[in-house]
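J.: Have a look at the structure that comes next, please.
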Amino acid sequence: MSLPLSDDAITQRLAVYGRFGVHLGLTRIQRLLTALAHPEQQVPIIHVAGTNGKGSVCAYLSSVLTQAGYRVGRYTSPHLVSWCERISLNGEPIAVADLDRVLTQVEAAITPEHETPTQFEVFTAAAWLYFAQQAVDIAVIEVGLGGRLDATNVIDAPLVTVITSLSREHWQQLGPTLADIAGEKAGILKPQRPAVIGPLPPEAETVVLARAAAVDCPVIRPQPAQINEQGLATYNFLASSRGRFQSRVPFAGAHQLTNSAISIAALQALRDQGWQITDQAIQAGIEQARWPGRLQWLTWPIPGAQSPPWLIDGAHNPAAATVLRAYVDEISQPHPTPAIAATLKQQGLTRPLPREVTWVMGMLTTKDHADVFTALLRPGDRLHLVPVPDHSSMTPAALQEIALKVCPELADCTPYDTLEQGLIGAIADPTALKILCGSLYLVGYFFRTQLPKR
């Protein structure tokens, strides 16, 4: 008996391939795409890699290209609530029925005499197939893990490649040093294809630029935007602009001045190739981009009580945790920067926010727990530790032990059995700033179980 079409049914269907785990390599995906008559060769792409910032850059790019009138596919991972989020067309997630259909076609192309593809490879093939069938004009493709051996790295001549940032993450698969990781990320750079490279640590920058030189890859290094007193970001490198180009950045955090600049530089590279993208489309697309679960303010509805504002962020690695802590420190200043003041005003938070912080956190077993805690925690903070459901979660008790070693001056450090228990524990302190972070999977579970259905 087949399951009715639903996201839960998709999850169960893909679980069959999940047991093959993370297994980098291009042989399986290339064999699968060959059996599907190479849908990837029908789709012009922008290829986006990096440790952090990939998702927001993909969101900016797809939003602007949609505003410019193109038919735009976007492929990202992981999802927060639904598998359908990973594959979108002009900002709309793929319908469950369409996802079911393309997965059926992909599964029919898997042959028993060859090694079974991984879950990510099956889903990536489904994305290529859907985009080809929908005749997209362009697709924005986010690397899943690394770059060189990632299942998305099957295109010889992307329109533009992007490397947003590099830090030490997924070292178990990519190598122990930052140079090793940079070498894997730089594997997406292709001969004579323009590459937009964000700010990188010196050790990583040396590797990436060496790879770019080796394949004769033109490199674009945009500078972060500057913010004026009205909270508008100013960019100075659009060829068709008269004077300075300005836009309001919809996502919080100073790092978005870099991410948005990277996106606009990639769009300029497309314009240099003849793509019709006006300044007006860029401004509208940047301002209308959406990417939930990253420095997002919202309220958690509590029956019979007034809900305080919560700050929600994945912050699943040390670099992302450092960005989150910098944002928290800025918003608690009596006179925040224009950029911070503008984002707070957008959320109706016009006063300086409290310096006291109550964290609700869960993390996967594979993360650098001590480094994340070092970036986030300060003496006097309160920490409520919860599991990440349905994933390989570090136990709250184990996280408690690590956190107290990193910051023994915490005002509170309590493990809980469930996310809801941790949230309820956190609201016992009504004055502190409340933050949920540590895992995008935890943020997704929060969205699925704690927020009203829309």
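Laboratory data are not the source of any read-out in this text; all were calculated from the coordinates shown. Since we're looking at a predicted model, the values are computed, not measured. All Cβ positions, glycine included, derive from the backbone under ideal geometry; neighbour counts span all protein chains shown.
J.: Charges only on Cβ, +1 for Lys and Arg, -1 for Asp and Glu: so what's the dipole of the stretch 1-146 about the Cα centre, in debye to the nearest 20?
T.: In debye, rounded to 20, the stretch 1-146 gives about 200.
J.: If you take the C-alpha gyration tensor of the stretch 14-93, multiply each eigenvalue by 5 and take the square root, what semi-axes do you get, largest first, in whole Å?
T.: 24, 17, 13
J.: Moving to a separate point now. Provide the percentage of antiparallel DSSP beta bridges, counting only those with both residues in the chain; round to the nearest 5.
T.: Given both bridge residues lie in the chain, the antiparallel proportion sits at roughly 30 percent.
J.: Shifting gears a bit: I'd like to compare 395-402, 87-94: which one has the highest average count of other Cβ atoms within 10 Å, and what's the full order after that?
T.: Going from most to least packed, we get 87-94, 395-402.
J.: Arrange Tyr441, Tyr130 by Cβ neighbour counts within 10 Å, fewest through most, would you?
T.: Exposure proxy ranking, most exposed first: Tyr441, Tyr130.
J.: From the helices alone, meaning DSSP H stretches of at least four residues, give me the mean residue ellipticity at 222 nm for the chain, per-run term -39500 (n - 2.57), in deg cm²/dmol to the nearest 500.
T.: Calculated mean residue ellipticity at 222 nm is -12000 deg cm²/dmol.
J.: Related question: Listing Val372, Val208 from the residue with the fewest other Cβ atoms within 10 Å to the one with the most, what is the order?
T.: Val208, Val372
J.: List the residues of the stretch 385-403 whose backbone N lies under 11 Å from a point placed 7 Å from the Cα of Asp417 along the Cα-to-Cβ direction.
T.: none
J.: Give me the log10 of I(q) over I(0) for the stretch 296-450 at q = 0.16, 0.20 Å⁻¹, as the Debye formula computes it from C-alpha points; what are the numbers?
T.: -0.85, -1.34
J.: Using the number of other C-beta atoms within 10 angstrom as an exposure proxy, rank His255, His114 with the fewest first.
T.: Listed from fewest to most nearby Cβ atoms, that is His114, His255.
J.: Looking at the stretch 29-130, which GluC sites (Glu not before Pro) are in a loop (DSSP not H, G, I, E or B) and have at most 16 other Cβ atoms within 10 Å?
T.: Those that pass, being in a loop and sparsely packed, are Glu113, Glu115.
J.: Ok, one more. Tell me, what HN-Hα J-couplings in whole Hz come from the Karplus equation 6.51 cos²θ - 1.76 cosθ + 1.60 at θ = phi - 60° for each residue of the stretch 212-217, using x for Gly and Pro?
T.: 4, 5, 5, 9, 6, 9
J.: Ala269: net charge of surrounding residues, Cβ under 15 Å, Lys/Arg +1, Asp/Glu -1, itself excluded?
T.: Here the charged neighbours net out to +3.
J.: What does the highest-first list of 179-187, 223-231 look like by mean Cβ count within 10 Å?
T.: Output ranking for 179-187, 223-231: 179-187, 223-231.
J.: With the dipole of the chain worked out from charges on the C-beta (+1 for Lys and Arg, -1 for Asp and Glu) around the Cα centre, which of Ser392, Phe373, Val102 lies farthest toward the positive end?
T.: Farthest along the dipole direction, towards plus: Val102.
J.: Next question. If you count, for each residue, the other Cβ atoms within 10 Å and average over each peptide, how do 46-56, 359-369 line up from highest to lowest?
T.: Going from most to least packed, we get 46-56, 359-369.
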